[in-house]
4 protein chains.
Amino acid sequence: MNKARTDAFTDGVFAIAITLLVLEIHIPELKAPDGAAGLDQAMRGYLATLGGPLLTYALSFGTVGIIWLNHHATFARISYVDRTGNVLNLLLLAIVCFIPFPTALLSRYGPLPSSTAFYGATFTAMSIAYALNWQYAVRKQHEIDPAFPVMTFREALPGTIGTLFYAIGALVALIAPRIAVWIYVAVALYYLLPGLFVQRGRGTAVSA
Amino acid sequence: MNKARTDAFTDGVFAIAITLLVLEIHIPELKAPDGAAGLDQAMRGYLATLGGPLLTYALSFGTVGIIWLNHHATFARISYVDRTGNVLNLLLLAIVCFIPFPTALLSRYGPLPSSTAFYGATFTAMSIAYALNWQYAVRKQHEIDPAFPVMTFREALPGTIGTLFYAIGALVALIAPRIAVWIYVAVALYYLLPGLFVQRGRGTAVSA
Amino acid sequence: MNKARTDAFTDGVFAIAITLLVLEIHIPELKAPDGAAGLDQAMRGYLATLGGPLLTYALSFGTVGIIWLNHHATFARISYVDRTGNVLNLLLLAIVCFIPFPTALLSRYGPLPSSTAFYGATFTAMSIAYALNWQYAVRKQHEIDPAFPVMTFREALPGTIGTLFYAIGALVALIAPRIAVWIYVAVALYYLLPGLFVQRGRGTAVSA
Amino acid sequence: MNKARTDAFTDGVFAIAITLLVLEIHIPELKAPDGAAGLDQAMRGYLATLGGPLLTYALSFGTVGIIWLNHHATFARISYVDRTGNVLNLLLLAIVCFIPFPTALLSRYGPLPSSTAFYGATFTAMSIAYALNWQYAVRKQHEIDPAFPVMTFREALPGTIGTLFYAIGALVALIAPRIAVWIYVAVALYYLLPGLFVQRGRGTAVSA
């Protein structure tokens, strides 16, 4: 199998899933009986409520972006992908492509306990699917090239922290959905900020 | 003609068609007269009905994913694509791109006889279009490079089984749509599971 | 400038524009007071009206596909793209990306004189933009490599026929929209069928 | 990190964001009590109001296209992208992907002061994010290869003009939204026309 086409397909799916997120910000049906001035008033009112949808958009965009960056960083070191690897990759992509849906529910109806937990559960599932892909790819590569290091517990830790906190967030959401949203934001910042402000060794702290 | 651009275009179309599937899960218009608590109740009720749409999403995603994996596996062995091959490929892509539509009907209205048969008929058409592409590519490649083996009946069999069962499913749907859905699921698992659990020889049992 | 990235971007835009066409087939709001059987009846009624939307989908898909094939065939022979070439390419892409919109109007409201003429006018504009791109690319390539042949009138003819018939179709639509649709279908078949049934010399009869 | 995958992902995101713009042109709900003739009348009425949405579409398409051309031109000269560069790129892409949303508001409700300012603010943010990316990439490249020139003030000027005029447009919009739209159009033409009519030295006057 040709790894370049798997990479291209994967990049395409990530690129599309991340771009579709904007379609989930609801275009309002504004009506104003008193012409353009009233319509502008209604539009101002609508724009003032965009804080929540914008945060949700940024959160989903950032989270999908992190997973893509990690996929990119991990798979650059892998030289081969077999059919099992492709099926595992499809599983990850199926969850990534699904993200616009819980994003839409959260964006449209705000942080309700149920929809915020559903959002966190989707991120948890994505995080687990990513770990499965990483584990499989690293082991397979080690089989082909024994010099390729298997992942140590310490290397796997940053990724596990992400999975754990998404799951905690999903549970917290059932009682305190607003706190859960900030847990998801904290996880995203934990992965994005080191890239911006710290020059860590490549390959660590990149898994979500 | 440049096969790399056909591959890139094809991968792009598959990536987009598979990603658009999520847009077909209907975002509900929830209303609750009694504020956030009532809205959460309504959201829970809605989330509880998502079993069918999620299965439909997974089924369409898995089926398009299989066809992509097969396209990928087959065309990696082909070195040349002419205008006829490109037109046949466009025919396949036109059906692949159409899949979000029967998926939306099935997802939104559940397994009605008519829409479930329409869904199966689309898969049957995709399967036939894929077989046409494969046959043409293999024959053309054999013309250019006589060492390239033409497909034997035994190699073509797994693909034919998929086509046959999609057609059977489409007919069964007219009487028992729920059983038809499980036939489609069985075909998807038949192609996906060997990739996950069995390490078959590459190149066999990959056609849907 | 890097022609590979222009090719990749162009392929991506074509792939997405062609895939978005399916979103323009309207998902109906079916209601049935008498449960699943009545809903299936309503679905059958809806599916029976899909002939027009399906033809429109196939027509737009085929036409965009032809333009992509031609772009692909032409630009494979070009080695260089400058900023003017990129801006001309953006102009073509802006029209290609616009096609889902007249397709949606035609698909949803059937062959009305106004929307059918609008559809044909869009195709005419795309055809002219494609000719501009082709002319510019061929002349630029000839400047760089004088051995590269400038296009003769005979080579340009098949493309001109497409442009002419799209324009005729757009005018005919104002009086007889159904006939105009068949003119558009005839143009698509004129470009697609030779690829399927005749092995012409590469490079001729491919421009729309 | 593999710059080719960053390029591919970026091209994919730009290609999708630019293609989604057409979905923001609102498909009308036309109703006519008096059959096809009345429906055609209603369609003519609707098509006559498309001037604004078409201008908005062209403006957003052109602006995203310019940023893509510039990204393309700048990053062709860069050989390396690190995690910080990727995170900055994600920031730019998050804004590019967001553009269909203010485009939809402007297209649907016309040039209201609030939505026209919001549209300009988004362009200003995109322009600043692009400048950050460019600055970082050029400095990083200079670190690796001291022969690579850092950007002089004169080179940075054309890009700064774009940022400045988007910001001015966003402020003007609050009082005179129609004039603001023409400021945005003027910025787009300032970047597109030289590509069409003047053969400037490559690498200058390309930043928005």
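We did not get these values from a lab; they are worked out from the coordinates using the rules stated. Everything quoted here is computed from the prediction, not taken from an experiment. Please note: Cβ atoms are built from the backbone with ideal geometry, for glycine as well, and neighbour counts cover all protein chains shown.
Brief remarks on what is shown
- Cα shape, the range A:59-103, gyration tensor, a/c 1.5 rule: oblate
- Label-point spacing at A:Thr84 relative to the other copies reads 4.1, 4.1, 5.7 nm, in ascending order, each point sitting 7 Å out from Cα along Cα→Cβ.
- Cα long-axis angle, helix D:113-144 against chain D (0 to 90 degrees, to the nearest 10): 20
- Anisotropy class of the range A:1-121 from Cα gyration tensor, a/c 1.5 cut: prolate
- Footprinting exposure proxy for C:Ser114, A:Ser127, B:Ser79 (fewest neighbouring C-beta atoms within 10 Å first): B:Ser79, C:Ser114, A:Ser127
- Candidates D:Thr74, D:Pro100, D:Leu39 compared by Cα position along the dipole of the range D:13-102: farthest toward the positive end lies D:Thr74, with charges placed on Cβ.
- Estimated FRET transfer efficiency (C:Trp182, B:Thr84; beta-carbon r; R0 35 Å; 0.05): 0.90
- Relative contact order of the range B:2-145, pairs being alpha-carbon contacts under 8 Å that are 6 or more residues apart, as %: 34
- What you get for the protein assembly as shown, charging only the Cβ of Lys and Arg (+1) and of Asp and Glu (-1), is a dipole of about 1020 debye around the Cα centre.
- Mean per-residue shielding of peptide A:27-36 is 3, counting Cβ atoms of other chains within 10 Å of each Cβ.
- At 7 Å out from Cα toward Cβ: A:Asp145 inter-copy label distances (nm, ascending): 2.5, 2.5, 3.6
- Note on chain C: with charges restricted to the Cβ of Lys and Arg (+1) and Asp and Glu (-1), its dipole about the Cα centre is near 360 debye.
- Between A:Gln41 and A:Ile175, the contour length at 0.36 nm per residue exceeds the Cα-Cα span by 44.7 nm.
- Order of D:Arg178, C:Arg44 - criterion: other Cβ atoms within 10 Å of each residue's Cβ, fewest first: D:Arg178, C:Arg44
- Stretch gain in nm, segment C:Ile168-C:Val150, where the contour uses 0.36 nm per residue and the Cα spacing is subtracted: 3.7 nm
- Using alpha-carbon coordinates, inclination of helix D:51-75 to the longest axis of chain D, degrees: 10
- Across identical copies of the chain, D:Ala176 has label-point separations of 5.2, 5.2, 7.4 nm, listed in ascending order, with the point defined 7 angstrom from Cα along Cα→Cβ.
- Three-way shape call for the protein assembly as shown based on the alpha-carbon gyration tensor, with the a/c threshold at 1.5: rounded
- Relative to the dominant Cα principal axis of chain A, helix A:153-173 is inclined by about 30°.
- Estimated 222 nm signal from helices in chain A, with DSSP H stretches of n ≥ 4 weighted -39500 (n - 2.57), rounded to 500: -26000 deg cm²/dmol
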